[in-house]
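Asker: One structure, pasted below without further comment.
Read-outs: derived from the displayed coordinates by stated rules, not from any lab. Since the structure is predicted, the reported quantities are computational estimates derived from the model, not experimental observations. We place every Cβ from the backbone using ideal geometry, glycine too, and count neighbours over all the protein chains shown.
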Protein chains: 2
Amino acid sequence: MNLPTALNLVEPLDRQTLGERAYARLADLLMSGRLAPGEKLSLRAAADVLGVSIMPVREAVSRLVADKALEVTPNRAVRVPLMSAAQFRDLTKVRIAIEGHAAAQAAAHRDSSDLAAIARAEEAMRLESEAAVPDLPRAVELNKTFHFAVYEASHSPILVEIIRALWLKAGPVINLDLRANPDRLAKGDAIRFHAAVRKAIESGDGAAAQAGIAADIKGAADFILSRGGLAE
Amino acid sequence: MNLPTALNLVEPLDRQTLGERAYARLADLLMSGRLAPGEKLSLRAAADVLGVSIMPVREAVSRLVADKALEVTPNRAVRVPLMSAAQFRDLTKVRIAIEGHAAAQAAAHRDSSDLAAIARAEEAMRLESEAAVPDLPRAVELNKTFHFAVYEASHSPILVEIIRALWLKAGPVINLDLRANPDRLAKGDAIRFHAAVRKAIESGDGAAAQAGIAADIKGAADFILSRGGLAE
DNA sequence: TGCCGTGATCTGTGATCACAGTTAGACTTG
DNA sequence: CAAGTCTAACTGTGATCACAGATCACGGCA
């Protein structure tokens, strides 16, 4: 094989199957809170919207059900799971433990490109939240970008994947409110925590980074719990 | 509805679909190390073995692929992922962090029935490993039982589910060797760590429980790494 | 003897059909 | 007019068919 080396550089180009794309679409809807807890989802209807047969949707949904980001009730209805306050508290505790750990790891293992990505994400969200009329859905998206810029800096793909699954569960509960309520964003807690996390990671202070992420998560969770929309 | 209350006690009886059963079977094969890294898996062949059509197998496999417990190569072949030494180290670090955390939580939240289950599991594995000719596959199974008895005592379903996913990835690498090599079991490290973990959880010492689990995981991982079967 | 082309067979992916169970709405009945 | 009943349209699940691409072994050419 005497071909130019350029051909050797093409990466695997991971499977762009229809099922994969359907999964990405549904996962994004969940994470950003555009699907509310309790909302039903029909395979055939979703297939129609996505312009494919139900097969790719079936695969996507079965994955999300496995992740407990969706559930199929005994009556054969797919829906976003309803979360009790107790379950939400458990989820929040786990998120604080794992995402806090990831932030601490990020402070230890970040390289310069990680720092650049984190700084960029932090600034973008700060600007958006200080705007006269903040675009809430966009703020939710930027918040996600910042958090994952931090977690990616841990250089632990497995950790990042676990956190992604956690966000899949938390998204509908957390971001549904955030998309509609400017209150918490206006309060500016998240912005301050993000700045603290960024500084901690830049200076390599793992404990501070962990504390900042924990405070950010707890702040958002307490806000949700105080609004009292959760059952039990 | 004037039926006896007994009927109200039947729990949801979660969907016993064929896909669910296929998933359970394949997951068990992976966790116990009966499927080796690199081993290929044909949907149709698996469907034949399980006595169903390929549809339930497809669902099970797509779930396991989502969990990265299986992978489908660009050449359309499903196989157990090969793990590099670096990936295995990452996985081990994450396991130590998360399973250690779960053990600490177990020490804080365990009730008497948890303690009984842990004690029972610890004793069963100790007896098996002290037998003249230990049944290695059974020892692997008992090891799993003990660990999950501990994690269940954390009373955090989300944490347990995350750990299950981690074991799905680690199983083929760790238990493949353990099923064939009596060396590590004979050395008795695991037994001692388990006893320490049990005692720590009984006395409510979270730090000690965490340290014990960490040592157990690290011991097994170092054993695998020292055998040098991993690529890169 | 060594190498390359070639076709049969296998792979996962997607679409379609079939089915049992549920739901909701319209119709009938008291 | 209200309540019960029955049908028609939906639900997810499973099986089967169709297809493009990859693999591998066989046979012919150099």
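Asker: Is the stretch A:24-143 best put as rounded, prolate or oblate by its Cα gyration tensor, with a ≥ b ≥ c the root eigenvalues, rounded for a/c under 1.5, and otherwise prolate when a/b is larger than b/c, oblate when not?
Answerer: Cα axes put the stretch A:24-143 in the prolate bin.
Asker: With an 8 Å Cα cut-off and a minimum separation of 6 or more residues, compute the relative contact order for the stretch B:90-210 in percent.
Answerer: Contact order relative to length: 45 percent.
Asker: Turning to a different aspect of this structure: Local charge sum around A:ARG58 (other residues, Cβ-Cβ under 11 Å, Lys/Arg +1, Asp/Glu -1)?
Answerer: +1
Asker: Let a ≥ b ≥ c be the square roots of the eigenvalues of the Cα gyration tensor of chain A; is it rounded (a/c under 1.5), or, if not, prolate (a/b larger than b/c) or oblate?
Answerer: It is oblate, given that a/c is not under 1.5 and a/b is not larger than b/c.
Asker: Work from the charge dipole of the protein assembly as shown (Cβ charges, +1 for Lys and Arg, -1 for Asp and Glu, about the Cα centre) and give the residue of B:ALA119, A:TYR23, A:SER156 farthest towards its positive end.
Answerer: A:TYR23
Asker: Determine the dipole magnitude for the protein assembly as shown: charges of +1 sit on the beta-carbon of Lys and Arg, -1 on that of Asp and Glu, nothing else is charged, the reference point is the Cα centre, and the result goes in debye to the nearest 20.
Answerer: 740
Asker: Now for a separate question. With +1 on each Lys and Arg Cβ and -1 on each Asp and Glu Cβ, and nothing else charged, work out how big the dipole of the stretch B:90-135 is about its Cα centre, in Debye to the nearest 20.
Answerer: Here the size comes out at about 200 debye.
Asker: Also, quick follow-up: Place a point 7 Å from the Cα of A:LEU115 along the Cα-to-Cβ direction; which residues of the stretch A:200-231 have their backbone N under 13 Å from it?
Answerer: A:200-205
Asker: The stretch A:148-174 to the stretch B:36-94: how many Å between their Cα centroids?
Answerer: One Cα centre to the other: 23 Å.
Asker: Tell me, what is the FRET efficiency for B:ARG25 and A:LYS68 to the nearest 0.05, using R0 = 22 angstrom and their Cβ-Cβ distance as r?
Answerer: Computed FRET efficiency for B:ARG25 and A:LYS68 comes out at 0.60.
Asker: Measuring from a point 7 Å out along Cα→Cβ, what nm distances, shortest first, does A:PRO182 have to its partners in the other copies?
Answerer: Its label point is 7.4 nm from the equivalent points in the other copies.
Asker: Something else: If you average 1/r over every pair of different alpha-carbon atoms in the stretch B:114-232 and take one over that average, what Kirkwood value in Å do you get?
Answerer: Here the Kirkwood hydrodynamic radius works out to 14.7 Å.
Asker: Residues in the stretch A:81-115 near a label at A:HIS155, defined as backbone nitrogen under 17 Å from the 7 Å Cα→Cβ point?
Answerer: What the label zone holds, given the 17 Å backbone N cut-off, is A:102-115.
Asker: For peptide B:90-98, how many partner chain Cβ atoms fall within 10 Å of a residue's Cβ, on average?
Answerer: Going residue by residue through B:90-98 and averaging, the value is 5.
Asker: For the stretch B:136-167, state which trypsin sites (Lys or Arg not before Pro) are in a DSSP loop and have at most 12 other beta carbons lying within 10 Å of their beta carbon.
Answerer: none
Asker: Straight-line reach only, C-alpha to C-alpha below 26 angstrom: list the lysines that B:LYS169 could link to, leaving out same-chain residues fewer than 8 apart.
Answerer: Counting by Cα, and skipping residues close in sequence, B:LYS169 has these lysines nearby: A:LYS68, A:LYS93, A:LYS169, B:LYS40, B:LYS68, B:LYS93, B:LYS144, B:LYS187, B:LYS218.
Asker: A follow-up question, please. Determine the shape class of the protein assembly as shown: with a ≥ b ≥ c the square roots of the Cα gyration tensor eigenvalues, call it rounded for a/c under 1.5, and otherwise prolate if a/b is greater than b/c, oblate otherwise.
Answerer: It is rounded, given that a/c, with a ≥ b ≥ c, falls under 1.5.
Asker: Every other copy gets compared here: list the nm distances from the A:SER42 label point (7 Å along Cα to Cβ) to its counterparts, shortest first, one decimal.
Answerer: Here the equivalent label points are 4.0 nm apart from this one.
Asker: What size of dipole, in debye to the nearest 20, comes out for chain B about its Cα centre when the only charges are +1 on Lys and Arg C-beta atoms and -1 on Asp and Glu C-beta atoms?
Answerer: Here chain B has a charge dipole of around 660 debye.
Asker: Counting each DSSP H run of 4 or more residues in chain B as -39500 (n - 2.57), what helix-only mean residue ellipticity at 222 nm follows after dividing by all residues, to the nearest 500 deg cm²/dmol?
Answerer: Roughly -23000 deg cm²/dmol at 222 nm, from the helical runs in chain B.
Asker: Counting Lys and Arg as +1 and Asp and Glu as -1, what is the net charge of the other residues whose Cβ lies under 14 Å from the Cβ of B:GLU99?
Answerer: With Lys, Arg at +1 and Asp, Glu at -1, the net is +3.
Asker: What's the average, rounded to a whole number, of partner chain beta-carbon atoms within 10 Å of each residue's beta-carbon in A:65-72?
Answerer: So the per-residue partner count for this stretch is 4.
Asker: Using the charge dipole of the protein assembly as shown (Lys, Arg: +1 at Cβ; Asp, Glu: -1 at Cβ; taken about the Cα centre), state which of A:VAL61, A:LEU185, A:GLY51 has its Cα farthest towards the positive end.
Answerer: Among A:VAL61, A:LEU185, A:GLY51, the one farthest towards the positive end of the dipole of the protein assembly as shown is A:GLY51.
Asker: Using a basic spin-label model with each label point 7 Å from the Cα along Cα→Cβ, how many nm lie between B:ASP48 and A:VAL52?
Answerer: 2.9
Asker: A further question follows. Placing the label point 7 Å from Cα along the Cα-to-Cβ direction, what are the distances from B:ARG164 to the equivalent spots in the other copies, shortest first, in nm to one decimal?
Answerer: 2.1
Asker: Can you work out the Karplus-derived ³J(HN,Hα) for every residue in the stretch B:17-25? Use 6.51 cos²θ - 1.76 cosθ + 1.60 with θ = phi - 60°, whole Hz, and x for glycine or proline.
Answerer: Coupling constants for the stretch B:17-25: 6, 4, x, 4, 5, 4, 4, 4, 4 Hz.
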